[in-house]
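Below is one structure, written out as structure tokens; the observations come after it.
The values are calculated or read from the model by the stated rules, or taken from the named source; none is laboratory data. Note that the structure is a prediction, hence the values are computed from the model and not measured. With ideal geometry, Cβ positions are generated from the backbone for all residues, glycine too; neighbour counts draw on all protein chains shown. Each accessible area value is taken on the protein alone, full model and side chains, heavy atoms only, with ligands, DNA and RNA left out. Shrake-Rupley method; radii C 1.70, N 1.55, O 1.52, S 1.80 Å.
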Amino acid sequence: MNDFISASIQENSVVFKSKDVAKFDSMWDKFWVEGAFMIRPSGNPLTKESWREMVTAKDISMESTELKSVDSVNLIAEGKVAVVTCTAHDKFSYKGTPNDDLAKFSGVLEKQADGAWKFVHLHRATGQSPPK
């Protein structure tokens, strides 16, 4: 599970940096089920389409994303569903304003018929300043 979470965060960072729609769609297909969404700290949900718009927007510039820890993994539904929490360190700018966030995520993943895990839901909490 740790490898899956790490790979999904790193690939999302690559997509953010590239602003490439085809890379976004490939990342989505690899890590997300159709119909999944992410809840932003504002409470606004991001569907595949709205997340693609955000990731490829010129107003956002991603410097780096680093998985700091996978904090919990709880398997439920006879091992077919996982509820996870993790912490990531994101450095990005929005409309020129730098952000250096240590953010907590909670997510629900579903085991696919082929054994692969995919996100069904993800929630990003408001980022905190990393310790100095």
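Reported count of residues in the range 1-30, each being touching a Lys or Arg at 6+ places or on another chain (Cβ under 8 Å), among the aliphatic types (A, V, I, L, M) and over 19 Å from Ser93 (Cβ atoms), is 1. Scoring Lys118 on the criteria (1) open to solvent by 60 Å² or more (accessible area, probe 1.4 Å); (2) within 22 Å of Met1 (Cα to Cα); (3) in a strand (DSSP E or B) leaves a single failure, condition (1).
Of all the criteria given as (1) more than 21 Å from Gly127 (Cα to Cα); (2) in contact (Cβ under 8 Å) with a residue 60 or more places away in the chain; (3) not in a helix (DSSP H, G or I), the one not satisfied by Leu75 is (2). Residues that are within 19 Å of Phe31 (Cβ to Cβ) and assigned to a loop (DSSP other than H, G, I, E, B) do occur in the range 95-112.
Filter the range 1-20 down to the residues that are over 24 Å from Gln112 (Cα atoms) and acidic (Asp, Glu) and list them by number. Asp20, the sole residue that qualifies.
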